[in-house]
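The values are calculated or read from the model by the stated rules, or taken from the named source; none is laboratory data. Worth saying up front: this structure is predicted, and the values here are computed from it rather than measured. Positions of Cβ are backbone-derived with ideal geometry, glycine not excepted, and every protein chain shown enters the neighbour counts.
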Amino acid sequence: MQAAKALQKIIERLKAIYPIAEARNIAFLLLEHLFKLTKSQVLANYAIKTSEFDVDESIETALIRLLNHEPIQYIVGTSHFFGFDFCVDPSVLIPRPETEELVNLIINAHPNKELSILDIGTGSGCIAISLAKKLPLSKVTALDVSEAAIAIATKNAQLLNASVELLIKSILDDTLELSKFDVIVSNPPYITLEEKQLMHENVVGYEPALALFVPDTNPLLFYQKIAKFSQRHLNEQGCLYVEINESYGGMVKELFENHGFCKVEVVKDIYQKDRIVSAVKPCS
């Protein structure tokens, strides 16, 4: 089968549930995964060097999963983030472009510095590993309550040759004690259960609820715990960075200010939505 024919077949089936541009992007990722064809090779209409029956069978198996709203990243087993390919499975969130902005903010604020960094709720390790790669003088530690997530993060650190200390610990544990850090960063759960009904099936049906949702009655649960922990575990003039629910920028800012942090700023993402809050621990 020619690559162009396979591409069109996938797009035609996927456009029933995806916008055409997204269906096209998924099709390219699937062809690369199944047949090792780059986008340029597909566009050049390379011949797929497998029997037509095997091509059809491989594509059909993947399409069944895709049409059940399973994310393409879980099917191919990787997700691109900050210039790196991270292994992912349903035990970890799929890294988002907005989180790349969080990483970029930290790198730009602390170029070429020797820092101690803690990533809370690391998941796939995408934040911690990207910081370790881009700030190579720094010592990076990451924690997650999920053993499965830490296993994926460990695999990613090994594959990307990144030095990151990985710990199975929960920020909700009030007895959690670690050393002090210059930077603490987190992309914690921040979606209320009430918002769940508005989300796409490919997220709520497959990505880990543990990493997504917080109680409707306490949407700032993780930010409260992070602020309290950071009071004790940030060095003076240390910086705190968190990704947030766009609806709670002002509330998280006020929370951090009430915990004694200064220079608290709400940063908008590429879509002009409140997405990051940064803060500094003042000198005592």
Listed by range, helices (runs of 4 or more DSSP H) wholly within segment 177-284 having at least 3 residues that are surrounded by 14 or more Cβ atoms within 10 Å (Cβ to Cβ) and touching a residue at least 40 places away in the same chain (Cβ under 8 Å) are 221-233
Name, by its number, the condition in (1) farther than 28 Å from GLN272 by Cβ; (2) over 16 Å from the mean Cα position of the chain (by Cα) that does not hold for ASP144. (2)
Would you call THR78 among the hydroxyl-bearing types (Ser, Thr, Tyr) and without any contact (Cβ under 8 Å) to a residue 12 or more places away in the chain? yes
Check segment 106-116 and report whether any residue there is modelled with pLDDT of 95 or more, under 17 Å from the mean Cα position of the chain (by Cα) and either not hydroxyl-bearing (Ser, Thr, Tyr) or not assigned by TED's automatic domain parsing to the domain that holds PHE229 (or both). yes
Say whether the condition of being surrounded by fewer than 19 Cβ atoms within 10 Å (Cβ to Cβ), more than 14 Å from the chain's Cα centre (by Cα), free of Cβ contacts under 8 Å to residues at least 40 places away in the same chain and not in a helix (DSSP H, G or I) is met by at least one residue in segment 51-62. yes
Given the structure, is THR61 on the phi < 0 side of the Ramachandran plot and in contact with a strand residue (DSSP E or B) (Cβ under 6 Å, 6 or more places away or on another chain)? no
Tally of residues being among the hydrophobic types (A, V, I, L, M, F, W, C), touching a helix residue (DSSP H, G or I) at 6+ places or on another chain (Cβ under 6 Å) and part of a strand (DSSP E or B) across segment 63-104: 3
Can you spot a residue in segment 133-156 that is among the charged types (D, E, K, R), assigned to a helix (DSSP H, G or I), in contact (Cβ under 8 Å) with a residue 40 or more places away in the chain and touching a helix residue (DSSP H, G or I) at 6+ places or on another chain (Cβ under 8 Å)? yes
